[in-house]
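The values are calculated or read from the model by the stated rules, or taken from the named source; none is laboratory data. These figures come from a predicted structure and were not determined experimentally. Cβ coordinates were reconstructed from backbone atoms using ideal geometry, including for glycine residues, and neighbour counts include every protein chain displayed. Quick note on the areas: whole protein, heavy atoms, side chains included, nothing else; ligands and nucleic acids left out. Shrake-Rupley method; radii C 1.70, N 1.55, O 1.52, S 1.80 Å.
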Amino acid sequence: MNTFSAYLSCFLLFLFLAPARTDLPGTWEVLVADAGIASMHTAVTRFNTVVLLDRTNIGPSRKLLPKGHCRYDRNDALLKRDCYAHSVHLDLQTNQVRPLKILTDTWCSSGQFLPDGTLLQTGGDLDGLKKIRMFSPCDATGFCDWKELDDVELAEGRWYATNQILPDGSMIIIGGRGSNTVEFFPPRKNGAVSFPFLAEAEDTQMDNLYPYVHLLPNGHLFVFANTRSVMYDFTRHVIVKEYPKLEGGPRNYPSAGSSAMLALQGDYSKAEIVVCGGAQYGAFLLRSTDSPAHGSCGRILALGENENSKWEMENMPYGRIMGDMVMLPNGDVLVINGAMSGTQGFESASNPCLNPVLYRPDQPVGLRFMVLNPGTVPRMYHATANLLPDGRVLLAGSNPHVLYRFDAEYPTELRVEAFSPEYLSPDRANLRPVIEEIPETVRFGGNFDVVVSVPLPVVGIVEVNLASAPFATHSFSQGQRLVKLAVSSAAPDGNGKYRIGVTAPPSGNVAPPGYYMAFAVNQGVPSVAKWIHVA
């Protein structure tokens, strides 16, 4: 057989064996054809609405503010009188969008929800560098809007920082460009406190920005920057443990990997962290749009019995930068959005990665990744992904340009989509539970009952899992966590219902106080969540 015949035979075999697009798991839908803004920051509220937020100094958006609500800023280089919205409020029931008014620059800022459900939003650029903002969410019929605090500000300017809610309900704000410090909200007397680890992790590309921060169930923080990570005691401001370096190049902004803490479960004595993807070192400095991204993932036991923690390495099916890692209600991780070449930054990436990938933590190395049905909309720089209460994943944003541009190869993206994982497929509908009864508030360590109904008889354990509502930006979901609660077997309760005994999280170390989406999960299929307040 000659070379051409061999090639042709292999190609035909590939076509025969390769699954058709519709054979891959997962489905896509457009929720909003034009949200008016490209969301750089996205958060889901306890009222089943979504706050989408861009930056203010971007010029005209495609959504007008109500008459009489224009923003005036003599320092704005593009619009001194700005009558365009740069934040919107999305109602998930109707997919209607309402404009919100933001005053100061939120470019590459940070955020997270406080225990009472208020979204705390901090920092940014220019007039937003030291700004603190709040959004107290309301239902879809309300008119809640952004409030910018005038009586308090950040102790140090924060641009590309990370927020994490703490066990007592306060917030720690870590890092930022030129800010190798931490501080807290509510503000503490000592203001900004030096955190030398961030300076030590910095390189010539500033790959210590938007550090990956996870609250461990022992009350310390896992902080990852560039290739390095530590366990940080934020009460004494000391590093408790330094982990081995993660090979494969830089992972944080601008090199654009992502990270997630796997589901906390059992006695909550261990925590595992996954860090995936990233750009080649130097791609950002050279503005190399065609440098291949790497697809390596590192997984480490950050807290547990093994004191000699090492990174366990494996490869994703695709090299990926700017991918978002979304914790699903059943404990799997969805890797979605991003590109296969380049780096973060304006006009700095190419070759969008349209195929989501499912990471299944309980499978052995080599079998953990599953390729899913590709989308059609490139989601690159300044795109977001958030878990919704119905189990879908919301995709918003993507603006690879300094300003809004719709005539480019990768245009500014105003569409909002939803991706439905395989657990929402019609053939699993009979397994999907419905939460019939659940308390609105539970206290740490308390016992409570959850009543569910399921079309088919229940076999095995029905899980009750709490998912936080994180603040998604720049390929990292700040404050994301999934807690699997201790449950009893589902006992028949009449009329096709089942009663499950549940124990609330033992402390704020495991689940910081606040609002969570509570999912019942039957054989990997989640219910629609009910919001529950853990206090």
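What span do the alpha-carbon atoms of the chain cover on each of the three principal axes, reported in whole Å from largest to smallest?
If we take the Cα atoms of the chain, the spans are 72, 65, 53 Å.
Based on the alpha-carbon set only, what is the convex hull volume of segment 204-270 divided per residue, in Å³?
It comes to 99 Å³ per residue, whole-number rounded.
Taking the highest mean first, how do the peptides 201-207, 23-29 order by number of other beta carbon atoms within 10 angstrom per residue?
Answer by packing, highest mean first, reads 201-207, 23-29.
How large is ³J(HN,Hα) for each residue in segment 58-69, as worked out from phi by the Karplus curve 6.51 cos²θ - 1.76 cosθ + 1.60 (θ = phi - 60°), to whole Hz, x for Gly and Pro?
Going residue by residue, I get 9, x, x, 8, 10, 9, 7, 6, x, 4, x, 10 Hz, with x marking Gly and Pro.
Simple spin-label model, 7 Å along Cα-to-Cβ: D150 to R287 in nm?
Computed distance between label sites D150 and R287 equals 4.1 nm.
How far apart, in nm, are the 7 Å Cα→Cβ label points at R428 and S194?
Here the modelled spin labels are 5.1 nm apart.
How big is D, in µm² s⁻¹, for segment 431-534 by Stokes-Einstein at 20 °C and 1.002 mPa s if Rh is the Kirkwood radius over C-alpha pairs?
Using the Kirkwood radius from Cα pairs, D works out to 153 µm²/s.
How much of E156 can a 1.4 Å solvent probe reach, expressed as accessible area in Å² and rounded to 10?
The accessible area comes out at roughly 50 Å².
Given Cα positions, please report Rg to Rh for segment 164-310, the hydrodynamic radius being the Kirkwood one.
Answer for segment 164-310: 0.98.
Mind checking segment 209-273 for trypsin sites (Lys or Arg not before Pro) that DSSP puts in a loop (not H, G, I, E or B) and that have at most 14 other Cβ atoms within 10 Å?
When the trypsin sites (Lys or Arg not before Pro) of segment 209-273 are filtered for loop state and at most 14 Cβ neighbours within 10 Å, R236, K245 remain.
Mind grabbing the base-10 log of I(q)/I(0) for segment 39-173 at q = 0.15, 0.18, 0.20 Å⁻¹? Debye formula, identical points on the C-alpha positions, no solvent, two decimal places.
-0.71, -1.02, -1.24
Give me a comma-separated list of calculated 3J(HN,Hα) values for segment 515-523, in order, Karplus coefficients 6.51, -1.76, 1.60 applied at θ = phi - 60°, integers in Hz, x for any Gly or Pro.
Using θ = phi - 60°, the values come out as 8, 10, 7, 9, 10, 8, 10, 10, 6 Hz.
So what is log10(I(q)/I(0)) for segment 291-364 at q = 0.17, 0.26 1/Å, when the Debye sum runs over its Cα atoms only?
Debye curve over Cα of segment 291-364, log10 I(q)/I(0) at q = 0.17, 0.26 Å⁻¹: -0.73, -1.19.
Mind checking Rg over Rh on segment 404-443, alpha carbons, Kirkwood formula for Rh?
Expressed as Rg/Rh, it is 1.31.
Stokes-Einstein D for segment 412-470 at 20 °C, 1.002 mPa s, Kirkwood Rh over Cα pairs, in µm²/s?
Stokes-Einstein gives a translational diffusion coefficient of 144 µm²/s.
When the Kirkwood hydrodynamic radius is evaluated over all pairs of different C-alpha atoms of segment 284-416, what value in angstrom, to one decimal, is obtained?
Averaging 1/r across every pair of different Cα atoms and inverting gives 16.0 Å.
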